[in-house]
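For reference, the structure discussed in these notes is given below.
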Amino acid sequence: MGGSHEKLGGYSKEIDIMTNRIPEMFDMMFELGGETPSAAYPFSLWAELLRLAPQLAEQRHAGILPLRLPANSEGMLLQKRARLILRLPAEPGEQIAAHLTGQEIVVNGRPLHIGKGAKRLIQAYPTVHAQMVAGASDEVLFMADINTQLSELGVAGNLICGRKHVLTDELQSIQGYSLVIHDLKPDASLKLQYAGLGGSRRFGCGIFVPYKVISGLSDD
């Protein structure tokens, strides 16, 4: 690994992986109001955010965490605690966030208001979860590719593959599986949450968040 910069807690601020540098990331949590969008919202949501903050297109590690939407409530008002959460690089993440605060967007025909934002630092947890990691439709091939990606990142952990998911609209389709990775060491947990796995993070894929503790499940 290459050089790193120090931050609070002794973890590196920037982590070199091969020839690619993964920046320190944080989550910006915006209050979100309006009508509940359809299940295919990620494509339209990204387009709207890109319209307001074109700089997002240059941030390949940036992404949108999946919205927490109640089932069968399309067209109903979002709950008051609804949040739009973006995973952004420390630089220029705050400038990007400033372009979004207080803006009105339309997602699949549903009006939404982006309220004030609050910054949340990413913490090292031994167990993390992604609602969907984009990849092969075959589970065996999917897991083989995930293990390759983890090896390239230098991350060691134990994997639990979950349900298959398909995200689609009239123009495109993404498939993958939910994934839990546990028994992570602190530096590996941060690295994984900063980098993510697979592609399509702009559509909510491959972004890891803390999960309930299930460490100690390995046979070691």
Going by the structure shown, is LEU88 within 15 Å of the chain's Cα centre (by Cα), within 22 Å of GLY206 (Cβ to Cβ) and assigned to a loop (DSSP other than H, G, I, E, B)?
no
Name the single residue, out of those in the range 33-53 being over 16 Å from the mean Cα position of the chain (by Cα) and either at pLDDT 95 or above or of a type in the set (Asp, Glu) (or both), that is surrounded by the most Cβ atoms within 10 Å (Cβ to Cβ).
ALA53
Which count do you get for residues in the range 103-128 that are small (Gly, Ala, Ser), farther than 16 Å from ALA82 by Cβ and at pLDDT 95 or above?
1
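The values are calculated or read from the model by the stated rules, or taken from the named source; none is laboratory data. The model shown is predicted, which means the values in this text are computed figures rather than measured ones. Positions of Cβ are generated from backbone atoms using ideal geometry, with glycine treated the same way; all protein chains shown enter the neighbour counts.
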